[in-house]
Amino acid sequence: MTDPVIMSDGDVKESNDDDSSFFSSEHHRRIIIVSNSLPLNAKRDKISGKWCFSYDEDSIFWQLKDGLSPDADVVYVGSLKVDVDANEQEKVSLQLLEEFNCVPTFIPSDLYKQFHDGFCKQQLWPLFHYMMPVYPGNRHFDRSQWQAYVSANKIFADKVMEVLNPEDDYVWVHDYHLMVLPTFLRKRCSRVRLGFFLHSPFPSSEVYKTLPVRGEILKALLNADLVGFHTFDYARHFLSCCRRMLGLEHESKRGYIGLEYFGRTIFIKILPAGIHMGRVQSTLDHPSSSNKVREIHQQFKGKKLIVGVDDMDLFKGISLKFLAIEQLLQQYPERQGELILIQILNPPSSSDKDVEDAKEDAYITAKRINERFGLEGYEPIIIIDCHVPFYEKAAYYALAECCIVNAVRDGLNLVPYRYTVCRQGSSKLDEALEIASDFPRVSALVVSEFIGCSPSLSGAIRVNPWDIDAVAEALNLAITMPDGEKQLRHEKHYRYVSSHDVAYWARSFEQDLVFSCKDHYSNRCWGIGFGLNFRILSLSPSFRRLSIDHIVPAYERCSCRAIFLDYDGTVVPEASIVKAPSPEVISVLNNLCSDVNNTVFIVSGRGKTSLSEWFDQCENLGIAAEHGYFIRWGKHTSWQMSHADTDFAWQKIAEPVMRSYMEATDGSSVETKESALVWHYRDADPDFGSWQAMELLDHLENVLANEPVVVKKGQHIIEVKPQGITKGSVAQEVLSSLTKKGKSPDFVLCIGDDRSDEDMFESILAKPYSATSFSAPQIFACTVGQKPSKARYYLDDTVDVMTLLKGLGAASGPKSRCSTETPFEKREVCFENDV
């Protein structure tokens, strides 16, 4: 654990590198965009031999700057798409920084091949698209590729730190290439303002957990402040992985989804990206588009065009699309001769045998269909397999009656958005097609339900790409749909696409990132862990670790002490199979109880029978069982009931409900106490158990609305108990009784780990029992684990708790007791136990 980092807004930090002076002349906020590739085009001049650079206006990383704050500078960190000789790299770096605000990473070619073509394309990309390791042709996990991935991410971190001003800047990391980068940045700057957005799907937990480095990647993403996804499904899968693999629960408050992780809140952002409206509109108004529209219109006059634009990879479902065309022509023979699918294949991003096989299969399928249904001068499937400039694609979009995206798994896929805007047209295209400006605009979309934009396009015809018959019917519906319905669907889509463009997406992410980082300088931070297990522990300045050096002096100064301790999760680990206290626990408690200045009490959610048996060797230990329904002041005193007149008729209503949920939820159980009923689901499936717990909570609250009981959710439990029975009321009663005896405690310690212990913390901090005291008592409310709490102190785990209690025992005073002294007249140590 590193030393705590405590910073104020006025702290002045030294620059990380001389290059950072480029930005530090004024404290101007910057947003650093980090992606695998810089939004630049690069080529070497054949005559001069110099490198020439220009912005890649089709890159989403270049386009998103239009939505960011106008008063913020944008800096890009990433790799060039060309290899630059080592002796030229410094010169190129200066040129890109000064002219383009870009910082190139220059990853060695061998490392980049292992990083990008290896781990990214052979491990992460297939897995995130649901291709399991056992899939034919898929490669097994290669540890050297993973090491290259980590090394490449370190290089990116070095470059970010060269230009980062932690006080003012925000860092926005993009996509699966850089998923461990947040850890390296957080390790070097604990208060870095950091967002991450995943542009690919995030698979279900059943698929993701097959990745050997699943934990390292999850923990790295949790070092970001904001994690973004295109759809709720992708975010849900990520949250499910965090719950199942790291035991983290998420909460939704006022529209924000948050994960609590070592005192930090990581927010989850769900918003699909959009297109650059200005870029598309300028293309439509360009003369090249008008000329191409006239050419295509003349070439396919009288034909119904369906357009498909896909990258050539395994998951775009191109062959399935062709089979659907075949089924359509077979089922509706009148379409032969008029229906044409224009399939544009974008060049593959990387060469791979699987991609080549998929491409060959698509060509064979198309050839067979064309031979079967083709006529003289007519082929139902036309493949354009080369680089197609956007103005030419826009012309096909503008003339196609339908656009189909049939991917079996994909990230967002912006093709339907571009198609919709192109079908809206422009004044230039209207002139080229000789149509009036008020001519109704129509479009039809057939989209796979497995792509990220599908939830956003509610007017599209959604299909299962594996169902050939359903896709064929969807295509036929799209081209035969009445123009009035097509117009309504088009208008709905155009309103959404034009308002939720790339600028809207970037602006929304930036606003949420600022919100996510608002508490960075209000807490104290510690760095914990090594390597990719590094994380930040963030705590309020008033919430600190309870050390022996801090508490023992107060303990020694005081003569009337009360100590309250929880059981499960406090002195015995929550996950321990053996629930009985160890000999060490018994020894420590007896040591504390033997001090004449201490009073010992156990306040527990457990039943009195088990507690009596477990602590039979502790004669001077008081026990409050079932959260205080039963109280015993010592081994030789009888049990007293705090609510003797309680009516338990409600149990006949609650127990059948609980047992029905127990039968429906494998791994759950019902515990019947004398005063309460508890439904346990710790051993149930994490997702299903949490879901059933919320349902049971709502169910019980409804059926018991008129009963004198409370229904509470605890750590993997739902409990029903009579009103007024809380650990807080027990602590209040014990302390008040001591005060009435003239023995008002001047030292109070309470340690617990559950929600029920919060009542105890609140009770001892209220201090009404000390009204007659000449001085305020020393109060130590301490929770186990770093989490939001009413307590002012924390300890990490049960080992820390036992170490602290041993330290107090060693500092105790006289160990003898008068034989005539009753347990009630002794100072008490209260020891509680949660269910």
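The values are calculated or read from the model by the stated rules, or taken from the named source; none is laboratory data. Keep in mind the model is a prediction, meaning the values are calculated, not measured. Cβ: placed from backbone, ideal geometry, glycine included. Neighbour counts: every protein chain shown. Just so you know, the surface numbers come from the protein's heavy atoms only, side chains and all, with ligands and any DNA or RNA stripped out. Shrake-Rupley method; radii C 1.70, N 1.55, O 1.52, S 1.80 Å.
Couple of notes before you dig in:
- Taken together, GLY724, GLY809 contain a single residue that is at pLDDT 85 or above, among the small types (Gly, Ala, Ser) and farther than 27 Å from PRO541 by Cβ, which is GLY809.
- Meets criteria (assigned to a helix (DSSP H, G or I) and buried (at least 16 other Cβ atoms within 10 Å of the Cβ)) for ALA624: no
- In this structure, ARG294 does not qualify as within 27 Å of ARG214 (Cβ to Cβ), among the charged types (D, E, K, R) and open to solvent by 10 Å² or more (accessible area, probe 1.4 Å).
- Taking the criterion of being open to solvent by 40 Å² or more (accessible area, probe 1.4 Å) and in contact with an Asp or Glu (Cβ under 7 Å, 6 or more places away or on another chain), the only residue of the range 514-525 that qualifies is TYR521.
Yes/no per residue for (1) in contact (Cβ under 8 Å) with a residue 24 or more places away in the chain; (2) open to solvent by 20 Å² or more (accessible area, probe 1.4 Å); (3) under 30 Å from ASN153 (Cα atoms):
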site: GLY527; (1), (2), (3): yes, no, yes
site: PHE530; (1), (2), (3): no, yes, yes
site: LEU539; (1), (2), (3): yes, no, yes
site: LEU546; (1), (2), (3): yes, no, no
site: PRO553; (1), (2), (3): no, yes, no
site: ASP568; (1), (2), (3): yes, no, no
site: ALA575; (1), (2), (3): no, yes, no
site: PRO583; (1), (2), (3): no, yes, no
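Yes/no per residue for (1) in contact with a Lys or Arg (Cβ under 8 Å, 6 or more places away or on another chain); (2) among the small types (Gly, Ala, Ser); (3) assigned by the TED database to the domain that holds ASN406:
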| site | (1), (2), (3) |
| --- | --- |
| THR265 | no, no, no |
| ASP285 | yes, no, yes |
| HIS297 | no, no, yes |
| PHE300 | no, no, yes |
| LYS303 | no, no, yes |
| ASP310 | yes, no, yes |
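- When the range 316-340 is limited to residues that are out of contact with any Asp or Glu (no Cβ under 6 Å at 6 or more places or on another chain) and either among the hydroxyl-bearing types (Ser, Thr, Tyr) or part of a loop (DSSP other than H, G, I, E, B) (or both), the one that is nearest to LYS359 (Cα to Cα) turns out to be GLY317.
- Test: GLY628 is at positive phi and without any contact (Cβ under 8 Å) to a residue 60 or more places away in the chain: no
- Leading residue by the ranking (most open to solvent (accessible area, probe 1.4 Å)) among those in the range 317-348 that are closer than 29 Å to LYS113 by Cα and touching a residue at least 40 places away in the same chain (Cβ under 8 Å): PRO347
- Of all residues in the range 339-352, none satisfies the criterion of being more than 18 Å from LYS321 (Cβ to Cβ) and at pLDDT 95 or above.
- Some residue of the range 537-546 being part of a strand (DSSP E or B), outside the structural domain of TYR149 (by the TED database), closer than 30 Å to TYR149 by Cβ and of a type outside the set (Lys, Arg): yes
- Flag if SER454 is within 31 Å of the chain's Cα centre (by Cα), open to solvent by less than 40 Å² (accessible area, probe 1.4 Å) and small (Gly, Ala, Ser): yes
- When GLU758, GLU719 are screened for being surrounded by 16 or more Cβ atoms within 10 Å (Cβ to Cβ), assigned to a strand (DSSP E or B), of a type outside the set (Phe, Trp, Tyr) and in contact (Cβ under 8 Å) with a residue 24 or more places away in the chain, only GLU719 passes.
- Of the candidates VAL578, VAL552, the single residue that is touching a Leu at 6+ places or on another chain (Cβ under 9 Å) and of a type in the set (Val, Ile, Thr) is VAL552.
- All positions within the range 231-255 that are among the hydroxyl-bearing types (Ser, Thr, Tyr) and in contact (Cβ under 8 Å) with a residue 60 or more places away in the chain: THR231, TYR234, SER240
- Here SER638, SER660, SER675 are screened, and the one residue that is part of a loop (DSSP other than H, G, I, E, B) and assigned by the TED database to the domain that holds GLN715 is SER675.
- Residue under evaluation ILE631, criteria (1) part of a loop (DSSP other than H, G, I, E, B); (2) more than 42 Å from the chain's Cα centre (by Cα), criterion not met: (1)
- Residue match in the range 603-615 (condition: outside any helix (DSSP H, G or I), more than 27 Å from LEU565 (Cβ to Cβ) and modelled with pLDDT under 85): no
- The residues of the range 169-218 that are within 30 Å of ASN413 (Cβ to Cβ) and of a type in the set (Asp, Glu), listed by number, are ASP175, GLU206, GLU216.
- Residues in the range 55-78 that are open to solvent by 50 Å² or more (accessible area, probe 1.4 Å) and either hydroxyl-bearing (Ser, Thr, Tyr) or in a strand (DSSP E or B) (or both): TYR55, ASP73.
- Just one of (1) under 27 Å from ASP519 (Cα atoms); (2) surrounded by fewer than 20 Cβ atoms within 10 Å (Cβ to Cβ) fails for ASN223. It is (2).
- Within the range 163-175, the residues that satisfy the criterion of being open to solvent by less than 10 Å² (accessible area, probe 1.4 Å) and under 16 Å from LEU221 (Cα atoms) are VAL171, TRP172, VAL173, HIS174.
- Within the range 208-306, helices (runs of 4 or more DSSP H) holding 1 or more residues that are over 14 Å from the mean Cα position of the chain (by Cα) and among the β-branched types (Val, Ile, Thr): 277-284, 287-299
- All positions within the range 470-513 that are free of Cβ contacts under 8 Å to residues at least 60 places away in the same chain, surrounded by 15 or more Cβ atoms within 10 Å (Cβ to Cβ) and of a type in the set (Ser, Thr, Tyr): TYR496
- Candidates VAL388, VAL355, VAL446, VAL405 - the one that is at pLDDT below 95, in contact with a strand residue (DSSP E or B) (Cβ under 6 Å, 6 or more places away or on another chain), assigned by the TED database to the domain that holds GLN281 and β-branched (Val, Ile, Thr): VAL388
- Any hit, the range 103-115, residues being over 24 Å from ILE32 (Cβ atoms) and touching a helix residue (DSSP H, G or I) at 6+ places or on another chain (Cβ under 6 Å): yes
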